[in-house]
1. From A:S227, A:S218, which residue is in contact with a strand residue (DSSP E or B) (Cβ under 8 Å, 6 or more places away or on another chain), over 25 Å from A:T55 (Cα atoms), surrounded by fewer than 24 Cβ atoms within 10 Å (Cβ to Cβ) and of a type outside the set (A, V, I, L, M, F, W, C)?
2. Test B:Q129 against the stated conditions and say whether it is surrounded by fewer than 24 Cβ atoms within 10 Å (Cβ to Cβ) and touching a residue at least 40 places away in the same chain (Cβ under 8 Å).
3. Quick check on my filter: what residues within the stretch B:52-70 are buried (at least 17 other Cβ atoms within 10 Å of the Cβ), of a type in the set (A, V, I, L, M, F, W, C) and out of contact with any helix residue (DSSP H, G or I) (no Cβ under 7 Å at 6 or more places or on another chain)?
4. Consider the stretch A:33-61. How many of its residues are among the charged types (D, E, K, R) and crowded, with 18+ Cβ neighbours inside 10 Å?
5. Would you confirm whether or not the stretch A:128-136 contains a residue that is closer than 21 Å to A:R250 by Cα, over 20 Å from the mean Cα position of the chain (by Cα) and either among the polar types (S, T, N, Q) or away from every other protein chain (no Cβ under 14 Å) (or both)?
6. Let me confirm something: among B:A71, B:A119, which residue is within 14 Å of chain A (Cβ to nearest Cβ), among the aliphatic types (A, V, I, L, M) and over 22 Å from B:K30 (Cα atoms)?
7. Given the criteria over 22 Å from A:E114 (Cα atoms), in contact (Cβ under 8 Å) with a residue 24 or more places away in the chain, part of a loop (DSSP other than H, G, I, E, B) and touching a strand residue (DSSP E or B) at 6+ places or on another chain (Cβ under 7 Å), does A:D24 qualify?
8. Could you tell me whether any residue of the stretch B:189-205 is buried (at least 17 other Cβ atoms within 10 Å of the Cβ), among the polar types (S, T, N, Q) and touching a helix residue (DSSP H, G or I) at 6+ places or on another chain (Cβ under 6 Å)?
Amino acid sequence: MKELISSVKKDYLLGLALQGKRVDGRALDQYREVSVERGVIGTAQGSALVKLGNTQVMVGVKLQKGEPFPDTPTSGILVVNAELLPLASPTFEPGPPNEDAIELARVVDRAIRESQMIDLEKLCIKEGEEVWAVFIDIYVLDHDGNLIDASVLASVAALYDVKPPVSEEWTLPEFPVSKKPVAVTVVKLNGVMMVDACLEEENIAEARLTISTLEDGSICAMQKGGSGFFEREELEKAYELARKCGEELRKKL
Amino acid sequence: METGKPERLIVNGRRLDGRRPDELRPLRIKAGVLKRADGSAYIELGKNKILAAVYGPKEMHPRHLQQSDVAVLRCRYNMAPFSVEERKRPGPDRRSMEISKVIREALEPVLFLHLYPRAVIDVFIEILQADAGTRTAGITAASVALADAGIPMRDLVTGVSAGKVDGTVVLDLMKEEDQWGEADMPVAVMPRKKRITLLQMDGNFTPEEFRQALDLAFKGIDLIYEAQKEALREKYLPSLEEEK
């Protein structure tokens with residue numbers, strides 16, 4: 001559910017976009033202040049709190065033993081879940097995850113899974129019987145726009161924060177992670193492309209495109225959202241923004 | 001380790017079903033296949049068999065879901081329990097809820113929803129038999145069904161997937177390629193102005209492969225677009241000619 005925005009404010013924001021300006025004075029390719037705090041939760045194996053301006057997302061990673069899927073008997077399991085908590089926005093309601101929460105979780109899941117940053121093959125305990133399951137729980141605490149980028153950043157930070165569980169079955173020296181996928185969401189506002197939309201920009205944007213990239217500039221996941229469309233040249237522009245801003249974001253990890 | 005994976009998915013430039021990298025699977029589209037729906041379409045793409053139906057525009061009930069200035073578009077993508085190898089538990093799951101959302105967002109740009117305030121347009125997509133590429137084939141069928149329902153549209157929406165298999169960029173992945181390939185990228189486009197209304201991707205693409213995959217997708221979309229228009233002509237041309 002979208003928040004209401006007055007038509008005066010909307011026209012103002014759309015007008016600003018045409019001049020290449022934004023409501024908070026940022027450049028089109030500029031993120032809000034980014035902060036990444038690790039190890040914020042003692043009861044999780046790994047955790048992180050990410051702030052993008054006023055947006056706050058916490059991620060906790062838990063490792064638990066579980067049964068492998070029949071088609072991948074030697075592979076660990078990755079489960080990503082996202083909660084849009086009612087305390088994070090007046091538009092979030094208690095209850096089972098809605099389509100926005102499900103989309104958020106699945107977009108983060110693909111960024112992490114497809115980057116192959118976790119070596120799931122190393123998380124096998126006994127073939128076909130027992131493997132380690134990695135649970136990534138995304139907790140949205142304050143919603144001021146761009147939850148996808150904040151959630152991917154927090155998830156990757158939390159995965160790098162994972163301390164091996166105390167267990168006889170854990171035989172690895174450390175949690176097997178490599179690579180750092182970073183998601184950059186570009187929104188289109190009045191035909192103008194910009195990164196890290198704040199909530200007001202997000203609510204009136206025609207469409208968004210999230211591109212997750214790796215260190216080498218390759219793409220590991222994409223997702224278009226919103227009821228608008230993109231021209232092909234805009235995809236090229238979005239990729240350039242994703243690569244450039246992604247490099248900056250990765251320095252925070 | 002994954003079980004059952006063939007050593008190579010492309011041998012001598014031919015894919016498992018004999019296609020070249022830039023070829024679509026056999027395609028058949030038929031408009032107006034259901035009696036009760038306001039509009040409907042059936043698509044077969046390779047082994048995929050998909051039905052789409054449109055109901056509306058009609059008054060939205062319950063009324064608190066009405067939008068005072070526009071019609072609401074609702075989409076439901078649903079897989080039949082018998083549509084895949086292992087029986088799928090009936091009803092919505094996380095995957096189908098996400099797909100329903102991106103399909104809605106892929107179709108919205110062609111509709112004039114402000115023409116029908118307080119109304120709803122329902123689009124139902126039923127996957128009867130699945131073999132990869134169901135969301136894009138579903139969009140292709142759904143936009144034919146919307147046209148069949150007589151709903152004004154800026155253009156049709158045409159979907160196809162492109163991806164990477166054995167290091168080669170390919171068009172229209174089938175199940176084995178989706179499962180064992182390196183990348184899958186569903187795309188939907190309003191073909192006349194080449195506006196992209198759905199784009200998802202997972203796997204690994206270099207920027208250059210991404211461009212190649214888009215080129216292939218656009219090529220496939222041109223062919224599918226012709227088949228969509230042909231399906232509408234097949235249903236409506238005879239009655240138009242009678243009127244003359």
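The values are calculated or read from the model by the stated rules, or taken from the named source; none is laboratory data. What you see is a predicted model; the values in this text were computed from it and never measured. Because the Cβ atoms are built from the backbone with ideal geometry, glycine has one as well, and the counts that use them run over all protein chains shown.
1. Among A:S227, A:S218, only A:S218 is in contact with a strand residue (DSSP E or B) (Cβ under 8 Å, 6 or more places away or on another chain), over 25 Å from A:T55 (Cα atoms), surrounded by fewer than 24 Cβ atoms within 10 Å (Cβ to Cβ) and of a type outside the set (A, V, I, L, M, F, W, C).
2. So B:Q129 passes the test.
3. Within the stretch B:52-70, B:M60 is the sole residue that qualifies.
4. 1
5. The first filter runs over the stretch A:128-136 and keeps only residues closer than 21 Å to A:R250 by Cα, leaving A:136.
The next check asks that each one be over 20 Å from the mean Cα position of the chain (by Cα); those that pass are none.
No, the stretch A:128-136 contains no residue that is closer than 21 Å to A:R250 by Cα, over 20 Å from the mean Cα position of the chain (by Cα) and either among the polar types (S, T, N, Q) or away from every other protein chain (no Cβ under 14 Å) (or both).
6. B:A71
7. no
8. Kept after step one, since they are buried (at least 17 other Cβ atoms within 10 Å of the Cβ), are these residues of the stretch B:189-205: B:189-191, B:195-205.
Within this subset, residues satisfying the condition of being among the polar types (S, T, N, Q) are B:197, B:200, B:204.
Then keep just the ones that are touching a helix residue (DSSP H, G or I) at 6+ places or on another chain (Cβ under 6 Å); that gives B:197.
Yes, because at least one residue in the stretch B:189-205 is buried (at least 17 other Cβ atoms within 10 Å of the Cβ), among the polar types (S, T, N, Q) and touching a helix residue (DSSP H, G or I) at 6+ places or on another chain (Cβ under 6 Å).
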